[in-house]
1. Within segment 349-364, track down each residue that is closer than 17 Å to Arg309 by Cα, of a type outside the set (Gly, Ala, Ser) and part of a loop (DSSP other than H, G, I, E, B).
2. When you scan segment 114-142, how many residues do you find that are among the hydroxyl-bearing types (Ser, Thr, Tyr) and part of a helix (DSSP H, G or I)?
3. Somewhere in segment 218-234, is a residue in contact with an Asp or Glu (Cβ under 8 Å, 6 or more places away or on another chain), over 22 Å from Ser17 (Cα atoms), part of a strand (DSSP E or B) and assigned by TED's automatic domain parsing to the domain that holds Gly321?
4. Among the residues of segment 291-311, count how many are without any contact (Cβ under 8 Å) to a residue 12 or more places away in the chain and either buried (at least 16 other Cβ atoms within 10 Å of the Cβ) or of a type in the set (Phe, Trp, Tyr) (or both).
5. Kindly indicate which of Val94, Val146, Val71 is out of contact with any Asp or Glu (no Cβ under 9 Å at 6 or more places or on another chain) and either of a type in the set (Val, Ile, Thr) or surrounded by 15 or more Cβ atoms within 10 Å (Cβ to Cβ) (or both).
6. For the condition of a type outside the set (S, T, N, Q) and free of Cβ contacts under 8 Å to residues at least 24 places away in the same chain, what is the one hit in Ala152, Ala171, Ala161?
7. Any residue at all in segment 183-193 that is assigned to a loop (DSSP other than H, G, I, E, B), out of contact with any Gly (no Cβ under 7 Å at 6 or more places or on another chain) and not β-branched (Val, Ile, Thr)?
8. In segment 20-36, which residues are surrounded by fewer than 21 Cβ atoms within 10 Å (Cβ to Cβ) and closer than 14 Å to Glu58 by Cα?
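The values are calculated or read from the model by the stated rules, or taken from the named source; none is laboratory data. Just so you know, these numbers come straight off a predicted model, no measurement behind them. Positions of Cβ are generated from backbone atoms using ideal geometry, with glycine treated the same way; all protein chains shown enter the neighbour counts.
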Amino acid sequence: MDTKEPLILTMNGGSSSLKSSLYVGGSQLKCLATASIERIGTTGSTMIMTDRTTGKNEKRAVNAPTHGACVEPLMDSLKDKGNLGDIVAVGHRVVHGGPAYRTHARVTMDMLTELRRIGPYDPEHLPVEIDLIEEFGRRFPSAPQVACFDTAFHRTMPRIAQILPIPRRYAEMGVQRYGFHGLSYAFLMNELTRIAPDKGEGRVILAHLGNGASMAAVSKGQSVETTMGFTPTSGLPMSRRSGDLDPGLVAYLARTERMDAERFHAMVNKESGLLGMSEYSSDLRDLLERESLDSRAAEAVEVFCYQARKWIGALAAALGGLDTLVFSAGIGEHSPVIRARICAGLGFLGVEIDAARNEANARMISRDGCRVTIMVIPTDEEQEIARTVWAMIGS
């Protein structure tokens with residue numbers, strides 16, 4: 001297929017996954033195709049390519065020892081959907097912008113130098129994202145690349161929400177609360193404002209609940225608080241990440257198990273959360289199926305829901321009340337039982353779910369007449385990247 005129109009390529013690299021989309025640029029973006037590779041760095045890596053025009057899916061095994069090795073099969077899968085020579089820009093999701101990059105920006109050599117410097121902020125994502133930027137710089141040397149930072153959405157948080165209560169000299173080094181999942185939150189706020197303009201100007205809690213999970217408090221369209229802080233490991237318990245922990249645990253494990261920083265990092269990012277609590281699976285669907293037979297699975301599910309419920313209360317306090325609660329991402333969009341359990345006990349805030357609407361995965365799942373509107377809105381980080389890129393280079 002030859003679109004003979006300007007194309008935008010988006011890249012979204014996770015710690016063990018890579019997603020890519022091909023869009024026709026313009027005031028009304030059109031997605032031609034998406035491709036994703038899972039289980040990078042392990043056996044059984046697979047790629048799924050979806051033709052967004054026909055809806056046809058293709059799935060095949062790929063050799064994916066590294067993210068760089070995924071680029072060739074990804075590009076091969078997309079080249080039949082559009083003339084890759086028409087790519088006018090490449091947009092990258094970059095998880096952490098550190099103190100220097102609080103808004104989306106074109107990639108420069110100075111930016112790459114700074115991202116390498118702050119690599120220790122997020123060793124799970126930043127090295128991968130830098131490698132991908134360099135790879136596509138070689139492939140499309142004349143096409144500008146744009147870094148879309150997950151931290152950018154939260155730049156509006158008040159100072160008191162950014163400061164960590166540790167010696168001030170670390171703040172001068174850039175150690176503060178940043179917040180993440182910003183591309184998802186920006187997309188959700190655009191969608192909420194499109195669907196219900198009055199809701200977008202109110203007090204909103206956005207719940208991005210997937211393998212990575214976080215929440216954000218938004219007032220009049222601006223982020224004022226979020227659950228994640230200096231790194232994406234903090235906040236809610238997640239599939240494999242621990243979420244918030246007592247910092248004294250670091251010293252305790254160092255003394256009792258001689259655990260060093262690298263081992264602790266691996267534990268809280270890859271072995272904790274739902275997987276660590278259940279000792280069975282990092283997938284909530286598996287745990288829900290097993291909870292009646294295994295107390296560990298049941299406890300893992302309940303801890304996840306309890307912590308989510310607790311954070312909704314905390315974020316409502318930061319907002320001074322709550323008008324709209326939005327569920328999104330894999331769990332938030334597709335698990336009625338988890339949504340219901342999270343909302344149980346939040347009636348004092350005006351959060352009341354309509355059981356039938358919730359089970360049907362309706363757009364609005366709150367009861368008629370309740371104070372808080374509860375919505376389910378699918379997120380699309382790739383579309384938000386493409387929208388950002390086109391706004392920056394479209395002219």
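1. Scanning segment 349-364 gives Val351, Glu352.
2. Residues of segment 114-142 among the hydroxyl-bearing types (Ser, Thr, Tyr): 121, 142.
Those left that are additionally part of a helix (DSSP H, G or I): 121.
Total meeting the criteria: 1.
3. No, the conditions are met nowhere in segment 218-234.
4. Looking only at that region, the number is 3.
5. Val146
6. Details: Ala152 fails: free of Cβ contacts under 8 Å to residues at least 24 places away in the same chain; Ala161 fails: free of Cβ contacts under 8 Å to residues at least 24 places away in the same chain.
Being of a type outside the set (S, T, N, Q) and free of Cβ contacts under 8 Å to residues at least 24 places away in the same chain holds for just one of Ala152, Ala171, Ala161, which is Ala171.
7. Going through segment 183-193, the residues assigned to a loop (DSSP other than H, G, I, E, B) turn out to be none.
Within segment 183-193 (the criterion being assigned to a loop (DSSP other than H, G, I, E, B), out of contact with any Gly (no Cβ under 7 Å at 6 or more places or on another chain) and not β-branched (Val, Ile, Thr)), the answer is no, since none of the residues qualifies.
8. Matches in segment 20-36: Ser36 only.
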